[in-house]
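See structure below.
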Amino acid sequence: MERVDARGKTCPLPVIETKKVLESMTEGTVEVLVDNAIAVQNLCKMAEQKKMKAVSEKQSEDCYVVTITVEAGSQTQPDAAPVVCMPDGRSAGTVVALTAETMGTGDDVLGKILMKGFVYALTEQEQLPETIVLYNGGAKLSVEGAETLADLKLMEAQGVEILTCGTCLNHYGLSEKLAVGSVTNMYRIAEVLSKAGKVIRP
Amino acid sequence: MMPEEIVFCKGGGCTAKLGAGVLERILSRLPKPEKKDENLLIGFESSDDAAVYRISEDTAIVQTLDFFPPMVEDPYIFGQIAAANALSDIYAMGGDVRTALNIVCFPEKMDLNILGKIMQGGSEKVIEAGGTLVGGHSIADADVKYGLSVMGTIHPDRIFPNDGAQEGDVLLLTKPLGVGIVCTANRMGEASQEAMDMAVRSMTTLNKYASEIIRKYDVHGCTDVTGFGFLGHLKEMLAKGLSAEIDSIRIPHIPESLAYADGFFLTAAAQRNRNHVGDLVEFCGVPFAVEELLFDPQTSGGLLVSMPKEDAQQALAEIAALGLPCGIVGKVMKKETQKIVVL
């Protein structure tokens, strides 16, 4: 059993220290000592998000014990794990094609908000796509200053391949601004779409 | 765990605020004067941002103070943020800043140049606000704390009440959420430069500009989003028996803040906010990170404004030109479900 003594430390330290210990384990239990009820709640919240079982017990006014159980195979990998050790959080063969700066038709201001929301919602899916291709107006989503950039970077860090159409970047004068993934051409885009098991086009 | 030199900054800003629940209990037990002063237009019964006292038919003074420990390592930036945060309460009432007094706690043994930089940042913001720094008070203390006591003026008929929201209003938020989460991640060395830059830009931006824009429109209710987080301040805004529906996709935020929330950069203050208002909120399939964002305590956060839809759309266009993420985030409804619904 692992043990983290986080008494005397303020949030987020107890949570972050425990997170690091959990990420180094494949199974077993971690016993975390903290000195306040709010830290207990934050630890339980993390365990719930990680789908792990947490039990807490108040031993005295300034000592609480939270026991978190890691079941074999339940452990999710750390956020920035290199691609090779991903137990595939990605869904093989799924390609997302972002073909415009907007999602749907009707109102472009709304469409931009929806697209930003869609890209964020993708990051929250249990299975990420294998590849995201961006072309025509979609090329504006992967450049410096784009509101979708942080979420695309997050998915790239989790192994999602992000490909932006070079012709399109040139057309919009954004060639120097690409900020995530790589530039690609029509042959590769055609190949990715042809070989895809499923193409999602929002 | 953390290197010695960042003792200057050990989790400050509005995350250092006492929980709302604790405060309500104490405030409700304080003795009250037998006869209410009728020139006191706004006191603390309505959880307002500042007190407003009428001194003549066309002038009332607005009084507020705010101070806290550093949430960034650069003392000059900290001074700017602390001042912008303290000045904000005047703007949340719709007033103009006139004078300010420094509030300083500083360790005797610390380098005085640091204090100089803090106060330089603060005084620059007071000048930008159009006010004058007229004095202050300093205390030798174990930790650094800084802020301002501010006096402003307002026309007594043009006060933005905290709880004036009306059914059918929409809710306008003038700055991005997530500065608490981003500063927390930054303290642990995990925030990106872009994220921290946006957080600092947001925290140092005076609410003066947004306040002056919304004054041109019909404002029913206004508050600034600070330590109690978006939902905590929204709850105070809906005190008069109203409910709200929030469209989470429209919440302006620092993009990286959601990923940091998923990385569990969770503060005690955010959890206290959740404990305080969580029962009033119904999340409909919203991701965990978005929930955390809505409970995240903000330092020098934006104005949350309840106003008619057409006015809000025009005001938003002007506020967007200030260059920070902002948006119309929801609508005010009759209280049927007893809940703030987050879609």
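Residues considered: A:A139, A:A100. Of these, the only one that is assigned to a helix (DSSP H, G or I), more than 12 Å from every other protein chain (Cβ to nearest Cβ) and farther than 20 Å from B:A320 by Cα is A:A139. For B:T99, the requirement of being in contact (Cβ under 8 Å) with a residue 40 or more places away in the chain, surrounded by fewer than 24 Cβ atoms within 10 Å (Cβ to Cβ), outside the structural domain of B:I181 (by TED's automatic domain parsing) and in contact with a strand residue (DSSP E or B) (Cβ under 8 Å, 6 or more places away or on another chain) is met.
Taking B:V305, is it among the aliphatic types (A, V, I, L, M), away from chain A (no Cβ under 14 Å) and part of a strand (DSSP E or B)? Yes; evaluated as a whole, the condition is true for this residue.
Residue by residue, here is whether (1) surrounded by fewer than 20 Cβ atoms within 10 Å (Cβ to Cβ); (2) free of Cβ contacts under 8 Å to residues at least 12 places away in the same chain; (3) not in a loop (DSSP other than H, G, I, E, B) holds:
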| residue | (1), (2), (3) |
| --- | --- |
| B:L234 | no, no, yes |
| B:K240 | yes, no, no |
| B:L258 | no, no, yes |
| B:L293 | no, no, yes |
| B:A317 | yes, yes, yes |
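Any idea which residue in the stretch A:1-39 is farthest from the other protein chains (Cβ to nearest Cβ), counting only those that are among the hydroxyl-bearing types (S, T, Y) and part of a loop (DSSP other than H, G, I, E, B)? Among residues in the stretch A:1-39 that are among the hydroxyl-bearing types (S, T, Y) and part of a loop (DSSP other than H, G, I, E, B), the one farthest from the other protein chains (Cβ to nearest Cβ) is A:T26.
Checking the structure you have, find out if any residue of the stretch B:184-199 is touching a strand residue (DSSP E or B) at 6+ places or on another chain (Cβ under 6 Å) and either more than 30 Å from A:L13 (Cα to Cα) or not small (G, A, S) (or both). Scanning the stretch B:184-199, I find no residue that is touching a strand residue (DSSP E or B) at 6+ places or on another chain (Cβ under 6 Å) and either more than 30 Å from A:L13 (Cα to Cα) or not small (G, A, S) (or both), so the answer is no. Checking the stated criteria, A:G159 turns out to be more than 16 Å from A:A97 (Cα to Cα), more than 13 Å from chain B (Cβ to nearest Cβ) and surrounded by fewer than 22 Cβ atoms within 10 Å (Cβ to Cβ). Among the residues making up the stretch B:234-274, those that are more than 7 Å from every other protein chain (Cβ to nearest Cβ) and of a type in the set (K, R) are B:K235, B:K240, B:R274.
State all residues of the stretch B:209-232 that are surrounded by fewer than 20 Cβ atoms within 10 Å (Cβ to Cβ) and assigned to a helix (DSSP H, G or I); if no residue qualifies, say none. Answer for the stretch B:209-232, where residues must be surrounded by fewer than 20 Cβ atoms within 10 Å (Cβ to Cβ) and assigned to a helix (DSSP H, G or I): B:Y209, B:E212. Any residue that is assigned to a loop (DSSP other than H, G, I, E, B), closer than 29 Å to B:L148 by Cβ and at pLDDT below 90 - is there at least one of those in the stretch B:266-284? Among the residues of the stretch B:266-284, at least one is assigned to a loop (DSSP other than H, G, I, E, B), closer than 29 Å to B:L148 by Cβ and at pLDDT below 90, which makes the answer yes.
Could you tell me whether the stretch B:274-292 includes any residue that is in contact with a Pro (Cβ under 9 Å, 6 or more places away or on another chain) and at negative phi? No, the conditions are met nowhere in the stretch B:274-292. Restricting the stretch B:49-65 to residues that are crowded, with 24+ Cβ neighbours inside 10 Å and part of a loop (DSSP other than H, G, I, E, B) leaves a set whose member that is modelled with the lowest pLDDT is B:D49. Mind checking whether some residue in the stretch A:110-128 is of a type outside the set (D, E), crowded, with 16+ Cβ neighbours inside 10 Å, in contact (Cβ under 8 Å) with a residue 12 or more places away in the chain and not in a helix (DSSP H, G or I)? Yes: one or more hits.
Each row is one residue, and each column tells you yes or no for (1) on the phi > 0 side of the Ramachandran plot; (2) not assigned by TED's automatic domain parsing to the domain that holds B:G330.
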site: B:V104; (1), (2): no, yes
site: B:M110; (1), (2): no, yes
site: B:G135; (1), (2): yes, yes
site: B:I154; (1), (2): no, yes
site: B:A195; (1), (2): no, no
site: B:V200; (1), (2): no, no
site: B:T204; (1), (2): no, no
site: B:Y209; (1), (2): no, no
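If we scan the stretch A:147-155, do we find a residue that is assigned to a loop (DSSP other than H, G, I, E, B), surrounded by fewer than 20 Cβ atoms within 10 Å (Cβ to Cβ) and in the same structural domain as A:V95 (by TED's automatic domain parsing)? For the stretch A:147-155, residues assigned to a loop (DSSP other than H, G, I, E, B), surrounded by fewer than 20 Cβ atoms within 10 Å (Cβ to Cβ) and in the same structural domain as A:V95 (by TED's automatic domain parsing): present.
The values are calculated or read from the model by the stated rules, or taken from the named source; none is laboratory data. These numbers come from a predicted model, not from an experiment. Here Cβ is always computed from backbone atoms with ideal geometry, including for glycine, and neighbour counts include all displayed protein chains.
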